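The values are calculated or read from the model by the stated rules, or taken from the named source; none is laboratory data. Because the structure is a prediction, the values reported are computed rather than measured. Here the Cβ positions follow ideal geometry from the backbone for every residue, glycine too, while neighbour counts run over all protein chains shown. All accessible areas refer to the heavy atoms of the entire protein, side chains included, with ligands and DNA or RNA removed. Shrake-Rupley method; radii C 1.70, N 1.55, O 1.52, S 1.80 Å.
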Amino acid sequence: MYPATSPIKLSRVQRNDPTLTELDLAYIGGFTPEKVGDYLINDSTDLTMFGEAIGTNTNLRRLIISTMCVAQEFADMAANNGAFFEGFKRSTSIRELCLERCDFSGGMGRDILNGFVANNSNITGIGLKECALGNGGATILLSAVTRCTNLEDIMLAGCDIDDDILVGFVQGIRGLHQLRTLDLHWNNFGRASCEALATLLQDPNGNLTWIGLEKNRTIDDNCATVLTNSLKVNCKLESLCFSFSSNNIAITDNGWDAFSQVLCNTSNVNATYLSNHTLNNLGRKVNLPVNLTSLLELNSGIDKRQVAVQKILRHHTHLDMEPFLEWDLKVLPLAVSWFDRRLFPKPRGYSQNNKSNVDAKKLSTIYQFVIALPMMFVPPPSKETNKRKIGEVS
């Protein structure tokens, strides 16, 4: 039998302890697990007590259910325990639900999705870890999450998801415009799934800010190109995280170059200005080219106009003033002032070379005006000189 932490935790749930906001419910099944939860289920009685307690609790925000070691045995026990599900369904405080090692083709996983997640406006986050989504499980999951009107975070980690599963899932969640994060690490999908994800990023009504793709070894340069193309029209995604280790990633320098191009298109000044200034994270422990790392750091700046200007100053040695010359010198003071404002405050990614770079471009701008409008810079003769010349003539 497992430790006295179980009754202590259960008592806190029953007393509606305001300091208890997260709970890990684990079933042991007679084996010693690698980890144990906060509340350990040994039999159906424990399950009933927990269900009744959580149904009246108003402080629990995050619940983790782990069917460890003997998942089917626990699923069968839960499926036959109506009191557990009735109490579970009454909960109005839980915002995040994480299920580990559950089978969604039937039994407990299916019952939780259909009975608690579907049509639950309180749920803002759902996570699945090492769960089986085959045999119709993905369809059941999709049916449930698309009916969560306030769902902001989805995690499907280590669920052996391939292109067939993910393409259909992504197509189904396109209408969830409130979705902020999508964690898909440790799966087995490739280009077809990346093309589906690209449609989410191209949706002007979408609000995704973070996508996790770590430990998907089949993501390569082709996938990188597909994703970067979608980022040309996306100004909301901040993080697109790849592998935790460069040994587990198939993207080469060609793929990283595609990211550099979308973050800073140097073909002309306007293209640089219209580049992506939002994406600032491609994952931890990923060996990136120095230039790409610098652009990501620059993109982390809050003022995106300042970010765009810094990219222009870095990558364009000559700024053509010809379109402004028709206004004579009216534009010159504004141009000089514009350059001065680029130096303060110092943006992220600022280096000591930036000041000399700005000064050089400021002088280049003044020079263009001098060459084009030389007489505008010649001082007028003084009045005394004019009088002397008149006297000499007479």
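So here's what we get for this one:
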{"item": "Residues being assigned to a loop (DSSP other than H, G, I, E, B) and in contact with a helix residue (DSSP H, G or I) (Cβ under 7 Å, 6 or more places away or on another chain) - total across region 99-133", "result": "8"}
{"item": "Total residues in region 247-273, condition among the hydrophobic types (A, V, I, L, M, F, W, C), part of a loop (DSSP other than H, G, I, E, B) and at pLDDT below 95", "result": "2"}
{"item": "Sole exception among (1) open to solvent by 50 Å² or more (accessible area, probe 1.4 Å); (2) out of contact with any Ser or Thr (no Cβ under 9 Å at 6 or more places or on another chain); (3) of a type outside the set (Val, Ile, Thr); (4) at pLDDT 95 or above for Asp153, by number", "result": "(2)"}
{"item": "Unique residue being under 29 Å from Pro18 (Cβ atoms), among the acidic types (Asp, Glu) and in contact (Cβ under 8 Å) with a residue 12 or more places away in the chain when the list is Glu96, Glu130", "result": "Glu96"}
{"item": "Strands (runs of 3 or more DSSP E) wholly inside region 138-228 containing at least 2 residues that are aliphatic (A, V, I, L, M) and within 29 Å of Thr92 (Cβ to Cβ)", "result": "153-157"}
{"item": "Residues located in region 250-294, provided they are more than 19 Å from Gln310 (Cβ to Cβ) and open to solvent by less than 30 Å² (accessible area, probe 1.4 Å)", "result": "Ile251, Gly255, Trp256, Ala258, Leu282, Gly283, Val286"}
{"item": "Candidates Gln178, Gln171 - the one that is in contact (Cβ under 8 Å) with a residue 24 or more places away in the chain, among the polar types (S, T, N, Q), open to solvent by 40 Å² or more (accessible area, probe 1.4 Å) and closer than 18 Å to Glu96 by Cβ", "result": "Gln178"}
{"item": "Which numbered condition Lys236 misses (of (1) in contact with a Gly (Cβ under 8 Å, 6 or more places away or on another chain); (2) closer than 28 Å to Arg180 by Cα; (3) surrounded by 20 or more Cβ atoms within 10 Å (Cβ to Cβ))", "result": "(3)"}
{"item": "Val307 vs. criteria modelled with pLDDT of 90 or more, of a type in the set (Val, Ile, Thr) and open to solvent by less than 20 Å² (accessible area, probe 1.4 Å)", "result": "yes"}
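A quick yes/no check of all residues on (1) modelled with pLDDT of 60 or more; (2) surrounded by fewer than 18 Cβ atoms within 10 Å (Cβ to Cβ):
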residue: Tyr2; (1), (2): no, yes
residue: Ile8; (1), (2): yes, yes
residue: Thr56; (1), (2): yes, yes
residue: Ile65; (1), (2): yes, no
residue: Ala75; (1), (2): no, no
